[in-house]
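> Here it is, the structure in full.
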Amino acid sequence: MNITDFSLNMFSLAGKTAIITGGNTGLGQAFALALAKAGADIFVPSIMDDGGETRALIEAEGRRYEFLEADITKPGVPAQIIVECVAKLGAVDILVNSAGICKLNDVETFDRADWDPMVALNLTAAFELGHEAAKVMIKQGSGKIINIASLFSFLGGQWSPAYAATKHGIVGFTKAYCDELGQHNIQVNAIAPGYFATAITVKTRENPETNQRVLDHIPANRWGDVADLMGATVFLASSASNYVNGHTLTVDGGYLVR
């Protein structure tokens, strides 16, 4: 591409279709809305509906929204999700592996009952969905896979070895799929969110001591807002990032520099 060919239209997702796992809650909902605002139609598989809230947000942008009640950790379900998305929206151009859980326990009591569900959802399901989506993307000669990593992809995992292990794994998976799929014009990248003001961080933020401990680590001196992730999501989903591959983009207010 010549520099004169560059256009802000490269950030447009008009005519694209995106799957966002867990896209009707928390950070996933922000990813879904960001892609819809950029022009993409949205397909959300999740274990539960949200009463229409996400549908209303997406359709207010003039985009199509399809929901599928699905447990992505069950055998065969990831393949079903891809088939359903193609049937209802016509393609799979973007996959955002957003669904995840984090359970905390001290090392003496953190056992397989804690470990297995987190590995199944945070890592194995992401692999299986990426595997199934890649089949479609290879045939169409293009695609974007965005995996959701974490600061714990780079740090230790006090009280949650499974979360740290799965998020380290997500970065490795991202690099491995980049290496294999780049030749097919498929870009595989990850976003590593920092500390965000969401429902799961309420207790930390409400405790003055723990809240300040987090803020002392962030040069921006504030918790992230979910809207802070939306621009990065659109960039990695768009043709503006066609030469960005195998990268993990931290959106953390500078947390990792301290």
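> Counting only DSSP beta bridges with both residues in segment 1-74, what percent are antiparallel, rounded to the nearest 5?
Here the antiparallel bridges make up roughly 0 percent for segment 1-74.
> What 222 nm value per residue comes from the helices of the chain, counting each DSSP H run with n ≥ 4 as -39,500 (n - 2.57) and dividing by all residues, nearest 500 deg cm²/dmol?
Mean residue ellipticity, 222 nm, calculated: -11500 deg cm²/dmol.
> In a GNM of the chain with a 10 Å cut-off on Cα contacts, which of Glu69, Glu209, Glu84 has the highest mean-square fluctuation?
Evaluated over the chain, the most mobile residue of the options is Glu209.
> Turning to a different aspect of this structure: Among rounded, prolate and oblate, which fits segment 55-120 when a ≥ b ≥ c are the square roots of the eigenvalues of its C-alpha gyration tensor, a/c under 1.5 means rounded, and a/b larger than b/c means prolate?
Prolate shape, in that a/c is at least 1.5 and a/b is the bigger ratio.
> Compute a Gaussian network model of the chain, connecting alpha carbons closer than 10 Å, and tell me which residue from Ile200, Ile81, Ile72 fluctuates the most.
Between Ile200, Ile81, Ile72, it is Ile200 that shows the largest mean-square fluctuation.
> Next up: With a probe of 1.4 Å, find how much accessible area the chain has per residue, and write the answer as a whole number in Å².
Ligands and nucleic acids excluded, the figure is 48 Å² per residue.
> Counting only DSSP beta bridges with both residues in the chain, what percent are antiparallel, rounded to the nearest 5?
Just about 0 percent of them are antiparallel.
> Which one, Thr174, Ser153, Gln140, is farthest towards the positive end of the dipole of the chain when Lys and Arg carry +1 and Asp and Glu -1 on their Cβ?
Looking along the dipole axis, the top candidate is Gln140.
> For segment 111-258, just say rounded, prolate or oblate: build the C-alpha gyration tensor, square-root its eigenvalues into a ≥ b ≥ c, call rounded for a/c under 1.5, and beyond that prolate if a/b exceeds b/c, oblate if not.
Oblate is the answer for segment 111-258, as a/c is 1.5 or above yet b/c matches or exceeds a/b.
> Another question about this same structure. So, in Å, what gap is there between the alpha-carbon centers of segment 157-187 and segment 57-79?
22 Å
> What whole-number distance in Å separates the alpha-carbon centres of segment 102-148 and segment 239-254?
19 Å
> Compute, for segment 106-258, the length of the dipole vector about the Cα centre, with Cβ point charges of +1 (Lys, Arg) and -1 (Asp, Glu) only. Units Debye, rounded to 20.
With only Lys, Arg, Asp and Glu charged at Cβ, the dipole is about 460 debye.
> Pop out the carbon and sulfur fraction of the accessible area of segment 32-183 as a percent, whole number, probe 1.4 Å.
55 percent
> Would segment 1-101 count as rounded, prolate or oblate if I go by the C-alpha gyration tensor, calling it rounded below 1.5 in a/c and otherwise prolate when a/b exceeds b/c, oblate otherwise?
prolate
> Which order do peptides 239-251, 91-103, 134-146 fall in by mean Cβ count within 10 Å, highest first?
91-103, 134-146, 239-251
The values are calculated or read from the model by the stated rules, or taken from the named source; none is laboratory data. Quick caveat: nothing in here was measured; it's all calculated off a predicted structure. Please note: Cβ atoms are built from the backbone with ideal geometry, for glycine as well, and neighbour counts cover all protein chains shown. Remember, those area values only see protein heavy atoms, side chains included, never the ligands or the DNA or RNA. Shrake-Rupley method; radii C 1.70, N 1.55, O 1.52, S 1.80 Å.
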